Amino acid sequence: MAFFKYLLSKTFLRLVISLVLILIISVFVLTRWLNYTTHHDEKIRVPNLDKISLTDVTKILDSLHLKAVVIDSASFNPTYPVLSVIEQNPLAGDFVKEYRKIYLTLNPSGYRKVTIPKIYGKTLRQAVIEINNIGLRIGENPTYIPDKGKDVVRGLKLGEKYLLEGDKIARNAEVEFILGDGKGN
């Protein structure tokens, strides 16, 4: 019975009211502090960095209080300038907070080198598949030389330079086949 009397007493009522007031004030102070420290409703629009060089990108992002992080630069794209941005994350037009990292994929300074495979003596059809698989382009004007085998690969050239098995050339280069004409001895 004494417990129920205490629940209805002025002392208990003052305690409950003071706890509720402390809770309300604490929530109010906490939300104000979080809004201030997290910069609530302060956002920066990410600029379009497509085809811009890394040095210019760094200047642009520094002026906006953003940070550039290069994550990849492996796939060369000839339509983009060297060491310029190919992709970015977050995308252009997205909103971010101050000092957010913008992840960039850059265009490398050139194609990586590929090794000429063993294609001499193979048919044109087999050689075309192998050449395409390593990332080379095939020219439209093959050279025919006297040979017994028709459309058998007898050589490969890049411009005026003759290529041998194991030679290294830039990926995406255009090569020309030297083929047998099928009329030779």
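The values are calculated or read from the model by the stated rules, or taken from the named source; none is laboratory data. Note that the structure is predicted; figures quoted are calculated from it, not measured. When we count neighbours, we look across all protein chains shown, and the Cβ atoms used for this are built from the backbone with ideal geometry, even at glycine.
Overview of values
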item: Hey, residue 141 under 30 Å from residue 44 (Cα atoms) and touching a strand residue (DSSP E or B) at 6+ places or on another chain (Cβ under 7 Å) or not; result: no
item: Test: residue in region 93-112 that is closer than 30 Å to residue 167 by Cα, touching a Phe, Trp or Tyr at 6+ places or on another chain (Cβ under 8 Å) and basic (Lys, Arg); result: yes
item: Cross-chain or 6+ apart pairs with Cβ under 8 Å, region 78-95 first and at positive phi, then assigned to a strand (DSSP E or B); result: 83/53; 83/106; 93/45
item: Leading residue by the ranking (nearest to the chain's Cα centre (by Cα)) among those in region 111-127 that are closer than 19 Å to residue 170 by Cβ, among the β-branched types (Val, Ile, Thr) and outside any loop (DSSP other than H, G, I, E, B); result: 114
item: Residue in region 87-108 that is among the hydrophobic types (A, V, I, L, M, F, W, C), more than 30 Å from residue 36 (Cα to Cα), more than 18 Å from the chain's Cα centre (by Cα) and surrounded by fewer than 17 Cβ atoms within 10 Å (Cβ to Cβ) present; result: no
item: From 31, 37, residue being of a type in the set (S, T, N, Q), without any contact (Cβ under 8 Å) to a residue 40 or more places away in the chain and under 30 Å from residue 104 (Cβ atoms); result: 37
item: Scope region 87-107; condition part of a strand (DSSP E or B) and of a type outside the set (Phe, Trp, Tyr); matching residues; result: 87, 88, 89, 96, 101, 102, 104, 105, 106
item: Condition check for residue 78: touching a helix residue (DSSP H, G or I) at 6+ places or on another chain (Cβ under 8 Å), part of a loop (DSSP other than H, G, I, E, B) and not aliphatic (A, V, I, L, M); result: no
item: Where residue 140 falls short, out of the listed (1) in contact (Cβ under 8 Å) with a residue 12 or more places away in the chain; (2) not assigned by TED's automatic domain parsing to the domain that holds residue 57; (3) not in a helix (DSSP H, G or I); result: (1)
item: Candidates 49, 15, 21, filtered to the one that is at pLDDT 90 or above, of a type in the set (A, V, I, L, M), surrounded by 10 or more Cβ atoms within 10 Å (Cβ to Cβ) and in the same structural domain as residue 99 (by TED's automatic domain parsing); result: 49
item: Residues located in region 145-179, provided they are under 17 Å from residue 111 (Cα atoms) and either in a loop (DSSP other than H, G, I, E, B) or among the aromatic types (Phe, Trp, Tyr) (or both); result: 167, 171, 172, 173
item: Any hit, region 63-74, residues being in a loop (DSSP other than H, G, I, E, B) and closer than 19 Å to residue 171 by Cβ; result: yes
